[in-house]
1. Under 16 Å between alpha carbons, and skipping anything fewer than 8 positions from residue A:179 in its own chain: which lysines qualify?
2. State the antiparallel share, in %, of DSSP beta bridges confined to chain A, rounding to the nearest 5.
3. Residue A:368 to residue A:140: FRET efficiency via 1/(1 + (r/R0)^6), r the Cβ-Cβ distance, R0 51 Å, to the nearest 0.05?
4. List the equivalent ellipsoid semi-axes of the stretch A:301-349 in whole Å, largest first, each obtained as the square root of 5λ for an eigenvalue λ of the Cα gyration tensor.
5. Computed from the mean reciprocal separation of all distinct C-alpha pairs, what Kirkwood hydrodynamic radius does the stretch A:311-422 have, in Å?
6. Mind giving me the nanometre distance, one decimal, between the label points for residue A:112 and residue A:424, set 7 Å out from Cα along Cα→Cβ?
7. When the helix-only estimate is applied to the protein assembly as shown (DSSP H runs of n ≥ 4, each -39,500 (n - 2.57), divided by the residue count), what is the mean residue ellipticity at 222 nm, nearest 500 deg cm²/dmol?
8. With a point put 7 Å past each Cα toward its Cβ, work out how far residue A:296 is from residue A:308 in nm, to one decimal.
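FYI, it's all coordinate maths here, none of it is from the lab. Computed from a predicted structure; not experimentally measured. Cβ coordinates were reconstructed from backbone atoms using ideal geometry, including for glycine residues, and neighbour counts include every protein chain displayed.
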Amino acid sequence: MHLTRHEKAALAGADGPVVQKVMRTVIRQGEALGAERLVDLTGPGHLVIAYAIPGIGPSLEMLEELVAAGLRTTFPFTVDPRPPLDHEDWALDERQIVALEEMYRDQPRYEELLLQLGLRDADAYTCRPSLAEVGNVPHRGDALAWSESAAVVYANSVLGARTNRNGAIFDLLCNLVGKAPLSGLLLDEPRRATWRIDVRAAEPPLPQLLGIAIGRRVLSDVPLVTGLDRFLDPDLDPPTRDYLHELGAAAATAGAVGLFHVEGITPEAVEAGDRILAPDHRASVIDDEALEELSTSFPVLWSRPDARPEKCYLGCPHLSLEQVEWWAASIGTALRERGRDHVAVPTTISVAPQTLARLRDPGSVAGDLEAAGVMLSAGCPMQLFDRDLAAGSAIVTNSTKLRAYTNARFFTDRRIVHILATGEI
Amino acid sequence: MGAERRSFKGRPVVPGSVSGVAAVSRGGFNTYASYSASLHEPSRRAVCADSGNEDLYGIDLAGKVLCIPGTIGSTSGGAVWQRLVAMGNAPAAVLFSGAIDPLAAGGLIVADEWSERRIVVVDGLGDPFLRSVAQGDEVTIAEDGEVVTGRPA
């Protein structure tokens, strides 16, 4: 690899042993990926390392070592959501509360260390960093070192920024030295589509399912998706952005999709037209029938498969303001139709802290939701399943991502509304 | 189990010589989903918890030689390898039929740089490697990236 004088000096230990180790890690990654050189990052990071549980984030000892060496990111960064320690918003039992408190006993110290390493502020915790109210919105062409698979695929595909799918810890190390290996999705050619996926659907397919189908088909390749332009807004209005966010999150769950293009909609596809397709690309069709089959194919992992739904988690990844408004209106209508004033299943909706603040503005929908028994949280539901904490619970979700990592059962948005209004599947 | 011994040549990403029993995933290996149940307590086992992986679900991956096309899924998967090494239930080696993906490379190199023990990593072994290696095969890996699979006749 070609290294600058400064990079060579850091690698030789000129900036101390910890910087040397960080630089060596980043350079070894570059060699593994065949990078010719490192590139300077041009914008803030978004990192996945929000939890004080080693294995999901770095160990406390590693963070202490980095802080003690005086390392700090070039730009203030955002990270994934906090664990669900706001117990009252998740209808947890005593056993779950005790176990969570024990698991996350180091969380306050961990968060202090993140602030010292360059975390933007004490509320910079969400998996939707690019929402306007959160404000970590990359520019087209930015060179970034992001993680959080859903945030990465959105930044690349919808915003036209450039980042690889970095793993937890490595994401932090890149941002601490302000550099990433110039490889993969940071380059032009690997951003061209190696698959053409033609979607044949009478109505807009559910992005949670279409994303899974695409991820399974293309794995780590870059698809151009056609047939969606008649359903979506080329000016990327909020519903289009939400649609593409859900699509990407699902595709990155079922595969390793870091970038997708949508014909006539996403910026690089609009600009390049047919030239976005690599000459030797493969082609495939996804139709309504395949998506219908997929929606009923997920195994039921509840300990009692015939159980009545006990809880519902919405917002993996975090929902936007507009998505929460859709849920508030849909749940409200369904309850009124059945003469109910409360949801039949305890429900938590997860959103970014900044979205939560907006939802609590006078006249916003938080009041309606809470009056109907729906709780709001800025936490992450995924951690409730660690150590089998929720293994015995019959939890329903509209998220194919949450389903993939837990025993929660997936239903479509419409079906979830029905379940919340009736308590019945 | 493959009866014949077969030899493949890959690129050593984290070089080392080690041997072990093959745990083979024909589809992408979802690191976080596979190990999500194994991260909390030090253990000598690491039972694959990814219900979407029909090859490996329920199989103990500790000390095995993982044979995979590449990794998929959550970027939390990056931190998993370092944790497994610290707890003593890491695989002995991870072998990729394709070129290593950035998520796996970052995680495995971080684990190597920041831990005492190493997970040997070889990539680019080719599709025939993944087609021929069988669950439970003995796999021997050499420092130069040569991988021998199967059992002596």
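1. Here the lysines satisfying the reach criterion relative to residue A:179 are A:8, A:21.
2. Percentage antiparallel, nearest 5: 10.
3. Taking R0 as 51 Å, the efficiency between residue A:368 and residue A:140 is 0.85.
4. Semi-axis lengths for the stretch A:301-349 are 22, 18, 7 Å.
5. On the way: mean 1/r = 0.0709 Å⁻¹.
For the stretch A:311-422, inverting the mean 1/r across all distinct Cα pairs yields 14.1 Å.
6. Going by the 7 Å Cα→Cβ label model, 5.5 nm.
7. On the way: 20 runs with 193 residues, N = 578.
That calculation yields -9500 deg cm²/dmol at 222 nm.
8. 2.5 nm
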